[in-house]
Structure formats: C-alpha cells, structure tokens
Amino acid sequence: HPLGTLGLVINRWLWRRWILRKRNRGYDLQSTLVVGSVSDQQHISQSLTERKWAGYAVVDTFRPLSDADRDEEGNAQPWINELMTKVEDGGVLCIALAPSCGLGGGDIRELSWSLEGRGTDLLISSALGAVTGPRLTLRVATGLPFMHLDEVGLGATQRAIKRVGDVAVSATAILFLSPILLAIAIAALIASGRPVFFRQARAGRRGEQFTMWKFRTMVPDADAQRDALREELESTGPVMKIVDDPRVTPMGRFLRRWSLDELPQLFNVFSGSMSLVGPRPHPLDDVSRYTSFDRRRLLAKPGVTGLWQVAGRSDLSWDDSVELDLVYIENWSPIADAAILLRTVQAVLAKKGAY
C-alpha cells in the first residue's frame, strides 16, 4: 500500500537520523583496530575521527604482516594469533585492514575464519577503494575471479534517465517558482540597477563552453577586477575564494546567503547545458588553471548543486572539492541525485559556507 510504503520510508529515515545524531556525539561507535603502516594508520584514524557518523572509533593499531611473521611453512597464523590476543584484550569490535597491511587473499581468509563467532567485523581498505561502487563488478573468467571496472562517466541509458529527471524537476520548479523569480528580479533592479542577470561563459561537460545564468550579485565591472584581486590575494589555485568579496553588493550578499542567485540556472538545466546535480561549472580562466587531475571533473555535465556543496560548500579546500566531484561521478545513481537535492535544501537553510 502506498501509505504503508511512505510510512516505512519515513520511519527508517527518522531512525537513521537518530542513529547519526548519536554517533556524531560520540555514542554507539565500534571500537576499531587499524592494521597497516604508520602513515595508513594515521590516515584511517583521522578519516574515521572526522566521520563519526560512519560508526567507528579507532582505539588501537597493529603492525603490518611481514615475512618475518610467518612460520616455516609460510603461514600467517602466528601473526594472526598475536593480533587476536590484542583484539580480545582491547575489546575490539572491528578490524580495519589498510592497503599496507601486508595480507594476501589467503591471509585475509584465514583471518576471517579466526574471527568466526567473536562478533568482530572486518573492514578491508584497498587500492581499489577510490573506484568502488557501481563501476566495479565481479566477473569470473576461466574459473578465476576478476574485478571488472567500467568506463568512467554515464552510459547512454544513465544519461537518458538523468535527463528525464532534470527536465521534469526543472520545468516544475520554474513553474512554481516563477513568482519568486519575478519578485527577486524586481527587487534586484530597484536595489542594484541593471543588469539584473549575470551571464558568463563556463566550461561544461568535456570542457564544452556554454553560457550560465545567475542573478547579478556583484558590481557590473566585477570580471574586470578578477585578475587584480587574484594578485592581491596571491591566489594560486584554479578557483579564487573570497569570504568578504568587495565586489558583492548588499542585495547580492542576501541572494548569495540563501543561494537565490542560482535559481536562473534552472533554465540552463531545462535547456540541457546543465544538470540539477553535478560538479559546479567554473569560468574559463579558472579551468585554464586546472591540473590534469582536476580536469577529470569535466567528465560529467555541470550541476546547479553537487556533492561538495552538501559536504561543506565554500568552506572546503579545492582538493577536497575535486575529490568529492570525482566520487560523485564514480558512483552516480538516481537515488544519489535525490539525496543530494534534499541535503542541498538543508545546506541552504543552514547558510554554511555560502559567500
């Protein structure tokens, strides 16, 4: 029944919010032991500490498996026994294996058998971690298991699904928000004069140029001041971020605070030059400063909102923003888009990182 399904979804959402809130406050976290090199131990410990919502708390570490730890027959059982002793003494509920743990497939199998019946989980972080998700599938060839990695980017069917969603949502939003768009345009005209709209060439999918629309939030000659501001701030990254940008008008500051200046991009979405969700498009002079790694974010159609916006918006570093864009591209799904749109509403209401 539709009402029953809706009730189930709401119930699960409320329980999940309750659990996440408890975890963020440091409750109900699994005590975790990290196995790997010192650098990997520090990296995983920091990542889990910063992401308490994941449900893990690092309480101890253990050295990687080496040849010296194996017995005469080459088995890792002596090392595993030592690890199990540490797990029991520390009341550890989870073991996290870093890429540098030194364990092969057979060793991990032996370790998993040693954990049987102990109530201890096993997490495996590998070099494939950056490409896990829908692109990674298990295939068996000639009796051997292989991990198959699909090409980066959306296939034709996925692009069609995403496009249908973009058209439906953008058309509905334009229809219902048209009075608000008109009111903002009139208020902006009275407060800041003409032009009401700001349009600029941006880099789209695969670097193709398109014109992006926004409500104007800066003085008319803002673009002419970019180079001078970049030199003054000694900005070396591709994207220049200014917390108190002197070019922003009072009306523009209000629009930015509530992300209302982005609403005209719904027309970009409807026309097909942008998507509702995707990496944010940057001006051409910023894109010219991209590294080869940064250019990977151009594999997807740019979006009005994206994963980096719901994770911290402008408070994130450039490298973190690019990494989140690539995570989105690697793991796209309609459900992910819907989740990001809902979290965007929360981020806008919180007004965090908007300037």
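Observations on the model:
- Of the residues making up segment 23-54, those that are surrounded by fewer than 20 Cβ atoms within 10 Å (Cβ to Cβ) and in a helix (DSSP H, G or I) number 14.
- Scan of segment 13-22 for residues that are open to solvent by 100 Å² or more (accessible area, probe 1.4 Å) and either at positive phi or at pLDDT 85 or above (or both), ordered by number: TRP15, TRP18, ARG21
- Pairs with Cβ under 8 Å, 6+ apart, first in segment 32-60 and among the basic types (Lys, Arg), second surrounded by 14 or more Cβ atoms within 10 Å (Cβ to Cβ): LYS52/ARG23; LYS52/LEU29
- Unmet requirement for GLY74, which otherwise passes all of (1) assigned to a helix (DSSP H, G or I); (2) at positive phi: (1)
- Checking PRO64 against (1) assigned to a loop (DSSP other than H, G, I, E, B); (2) at pLDDT below 90, the condition it does not meet: (2)
Let's see how each residue does on (1) of a type in the set (Val, Ile, Thr); (2) in contact with a strand residue (DSSP E or B) (Cβ under 7 Å, 6 or more places away or on another chain); (3) touching a residue at least 12 places away in the same chain (Cβ under 8 Å); (4) crowded, with 16+ Cβ neighbours inside 10 Å:
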position	(1), (2), (3), (4)
PRO179	no, no, no, no
ILE184	yes, yes, yes, yes
ALA188	no, yes, yes, yes
SER192	no, no, yes, yes
PRO220	no, no, yes, no
ALA224	no, no, no, no
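- Where helices (runs of 4 or more DSSP H) fall wholly inside segment 244-355, the ranges with 1 or more residues that are open to solvent by 10 Å² or more (accessible area, probe 1.4 Å) and touching a Ser or Thr at 6+ places or on another chain (Cβ under 7 Å) are 250-257, 265-271, 307-311, 334-350.
- Counting the residues of segment 77-110 that are of a type in the set (Gly, Ala, Ser) and part of a loop (DSSP other than H, G, I, E, B) gives 5.
- Long-range neighbours under 7 Å by Cβ, at least six apart or interchain, first residue touching a residue at least 12 places away in the same chain (Cβ under 8 Å) within segment 1-23, second part of a helix (DSSP H, G or I) and of a type in the set (Phe, Trp, Tyr): LEU20/TRP53; ARG23/TRP53
The values are calculated or read from the model by the stated rules, or taken from the named source; none is laboratory data. These figures come from a predicted structure and were not determined experimentally. Neighbour counts are summed over all protein chains in view; Cβ atoms, including those assigned to glycine, are modelled from backbone coordinates with ideal geometry. With ligands, DNA and RNA removed, areas are computed over all heavy atoms of the protein, side chains included. Shrake-Rupley method; radii C 1.70, N 1.55, O 1.52, S 1.80 Å.
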